[in-house]
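**Q** There's a structure below that I have some questions on.
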Amino acid sequence: MLMLKNLKQLIFSVEMKKKKRERNNNNILLQASNELVIGLNVILWRKRHRLFSLISAVSGCLLLLLFAFSVFTPPPTATDHFLSHHPSAVKKTEVVESNFDMVLQVPASGGTLGRDLWTSSQSKFYYGCSNASKSFQSADLKTHPNRYLMIATSGGLNQQRTGIIDAVVVAYILNATLVIPKLDQHSYWKDTSGFAEIFNVDWFISSLSRDVEIIKELPRNEGKAWIPRSMRVPRKCNSKCYQIRVLPVLNKKHAVELTKFDYRLSNRLETDLQKLRCRVNYQALRFTDSILELGKILVERMRMKAKQFIALHLRFEPDMLAFSGCYYGGGEKERGELGAIRKRWKTLHVSNPEKVRRHGRCPLTPEEVGLMLRALGFGSDVHIYVASGEVYRGEETLAPLKALFPNFHSKETIATKEELAPFSSFSGRMAALDYIVCDESDVFVTNNNGNMARILAGR
């Protein structure tokens with residue numbers, strides 16, 4: 001029995017030693033495996049680091065090359081011949097047009113791109129939403145007596161239009177009665193027209209009667225003329241800004257005139273005030289009957305020439321180009337002419353006009369607009385109505401566009417001198433005629449993001 005017991009202990013001891021050896025061997029293998037994995041990771045990290053360094057170096061070289069290319073590359077050749085002084089300017093344009101068609105495969109006659117260029121499938125989703133909410137207070141409940149707001153607008157017709165729109169909203173914010181705004185008669189445009197000579201005053205007052213009380217002129221104060229307090233507010237002034245800056249003066253003086261009133265109201269307004277803006281712009285501001293009648297005639301004559309037509313709002317006046325600070329390829333003559341106008345704005349500073357133009361921050365030239373339309377698929381048979389003021393260098397500048405689109409029209413070409421006589425001396429009234437035709441066109445195009453472009457986009 002004793003021998004059997006010793007034998008069992010011996011066997012048990014041998015088995016325990018065997019299991020211990022196996023555990024030690026497993027630990028050694030596991031440790032070796034871990035060391036191998038760590039070693040491989042180190043090797044892979046070093047290779048990735050070298051590869052990343054190589055990629056970074058190559059990328060840096062490419063960025064330096066691109067930067068050097070953008071700095072030292074001359075302006076696009078299109079700008080060099082856009083204001084050509086040679087008699088062959090039109091012939092050159094024809095060659096460019098031919099090459100353009102060949103390279104970009106733009107059809108000469110249009111209508112072969114497999115899509116309708118005159119309509120938009122998305123237009124059915126747009127709708128007006130300018131009606132006031134139920135919580136919007138009416139003028140008879142909120143207008144305070146002896147609070148009169150006057151404004152003096154600034155700029156051309158559409159810039160003044162934005163000032164009129166904002167004036168109605170400011171009058172609502174201040175619970176004041178609005179006096180019919182004064183139009184700018186001293187700016188570059190030198191238009192002596194008053195509000196009633198461009199807009200229908202009675203319609204303006206009646207259509208906004210629920211929103212703001214509006215009168216034609218400042219009433220007398222106990223038989224004496226009321227002298228308003230003149231002041232100016234910062235640009236993009238919000239509702240609180242008007243309540244802090246203007247309301248105390250209005251309560252004390254009872255009549256306030258805000259001068260140079262353009263972009264003086266913030267765009268960050270509550271929804272009902274934005275809707276009021278829309279009601280003023282698209283419902284209350286109606287042109288006079290004489291402007292509407294001639295505008296209708298111009299549209300009808302365009303329809304007689306073509307079932308569908310493009311309206312192009314072309315801002316290319318000398319003062320506008322000077323203010324842009326851009327260079328359009330006209331050499332020293334252009335630099336001298338636009339530089340002389342540019343001296344009006346003491347704070348205007350453009351260090352590198354050619355670079356600004358290459359980066360696309362300048363209004364398109366007439367030729368560039370024509371090339372864009374051809375690239376979109378509009379052929380040379382399309383009729384274009386051009387709404388513009390005095391184009392810089394006139395026919396010389398327009399020649400490339402006319403070569404691309406020979407069916408070129410304007411109010412001067414489709415109306416008689418007798419028809420235009422009551423309007424031709426007044427830039428605001430002429431601009432109103434252009435607005436009507438652009439509004440009735442099938443496609444509206446602009447070479448700049450100005451006031452008229454934004455207003456018509458809203459339409």
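The values are calculated or read from the model by the stated rules, or taken from the named source; none is laboratory data. Given the structure is predicted, the values throughout are model-derived calculations rather than measurements. Cβ placement follows ideal geometry from the backbone for every residue including glycine, while neighbour counts extend to all protein chains displayed. All accessible areas refer to the heavy atoms of the entire protein, side chains included, with ligands and DNA or RNA removed. Shrake-Rupley method; radii C 1.70, N 1.55, O 1.52, S 1.80 Å.
**Q** Could you put T347, T192, T365 in order of accessible surface area, largest first, with the 1.4 Å probe and the full protein assembly present? Walk me through the numbers before you get to the answer.
**A** Numbers: T347 135, T192 85, T365 0 Å².
Sorted by accessible area, descending: T347, T192, T365.
**Q** Which residues' amide hydrogens lie under 5 Å from the amide hydrogen of F199, considering only partners 5 or more residues apart or on another chain, with H built in the peptide plane?
**A** Sorted by chain and number, the residues that satisfy this are T288.
**Q** Determine, from the Cβ-Cβ distance of T119 and E293 and an R0 of 22 Å, the FRET efficiency 1/(1 + (r/R0)^6), rounded to the nearest 0.05. Please report the intermediate quantities before stating the final value.
**A** Working: r = 29 Å, r/R0 = 1.31.
Efficiency, from the Cβ-Cβ distance: 0.15.
**Q** Further, regarding this structure: Could you give each residue of segment 158-164 its phi-based ³J(HN,Hα) in whole Hz, using Karplus coefficients 6.51, -1.76, 1.60 with θ = phi - 60°, and x for Gly or Pro?
**A** Once rounded to whole Hz, the list reads 6, 5, 5, 4, 5, x, 5.
**Q** Taking a point 7 angstrom from the Cα of L247 along the C-beta vector, which residues in segment 190-215 have backbone N less than 17 Å away?
**A** From segment 190-215, the list is empty.
**Q** Would you calculate the separation in nanometres between label points at K236 and N221, each defined as 7 Å from the Cα along the Cα-to-beta-carbon direction?
**A** A separation of 3.5 nm, rounded to one decimal place.
**Q** Can you give me the solvent accessible area of C129 with a 1.4 Å probe, rounded to the nearest 10 Å²?
**A** Accessible area of C129: about 90 Å².
**Q** Can I ask one more? With r as the distance between the Cβ atoms of R229 and S135 and R0 = 35 Å, compute the FRET efficiency 1/(1 + (r/R0)^6) and round to 0.05. Walk me through the numbers on the way to the answer.
**A** Details: r = 32 Å, r/R0 = 0.92.
Once rounded, the FRET efficiency stands at 0.65.
**Q** From the backbone phi of segment 204-218, what are the Karplus-calculated ³J(HN,Hα) couplings (6.51 cos²θ - 1.76 cosθ + 1.60, θ = phi - 60°) in whole Hz, Gly and Pro given as x?
**A** These are the phi-based 3J(HN,Hα) values: 4, 5, 5, 5, 10, 4, 6, 8, 9, 7, 10, 10, 7, 8, 5 Hz.
**Q** Can you give the FRET efficiency for N352 and L376, using 1/(1 + (r/R0)^6), R0 = 25 Å, r = Cβ-Cβ distance, to the nearest 0.05? Before the final figure, lay out each step's value.
**A** On the way: r = 31 Å, r/R0 = 1.22.
So the FRET efficiency works out to roughly 0.25.
**Q** Stretched out fully, how many nm does the piece from E396 to S424 gain, at 0.36 nm a residue minus the Cα gap?
**A** Full extension of this stretch gives 7.8 nm more.
**Q** Then there's this: Between L265 and residues 5 or more places away or on another chain, which pairs have amide H atoms under 5 Å apart, with H built 1.01 Å from N, and which residues are they?
**A** Counting only residues 5 or more places away or on other chains, the set is K236, C237.
**Q** Would you please classify the overall shape of segment 384-435 from the alpha carbon gyration tensor, given that a ≥ b ≥ c denote the square roots of the eigenvalues, rounded means a/c under 1.5, and beyond that prolate means a/b larger than b/c while oblate covers the rest? Present the calculation step by step, with values, prior to reporting the outcome.
**A** Numbers: a/c = 2.22, a/b = 1.74, b/c = 1.28.
Prolate, since a/c reaches 1.5 and a/b exceeds b/c.
**Q** Keeping all protein chains in position, work out how much accessible area K236 exposes to a 1.4 Å probe, and write it in Å² to the nearest 10.
**A** 150
**Q** Per-residue accessible area for D140 at 1.4 Å probe radius, Å² rounded to 10?
**A** For D140, solvent-accessible area is about 130 Å².
**Q** Does segment 139-284 come out rounded, prolate or oblate, given a ≥ b ≥ c as the square roots of the eigenvalues of its C-alpha gyration tensor, rounded meaning a/c under 1.5 and, failing that, prolate meaning a/b above b/c? Show your work: numbers first, answer last.
**A** Numbers: a/c = 1.21, a/b = 1.09, b/c = 1.12.
Rounded.
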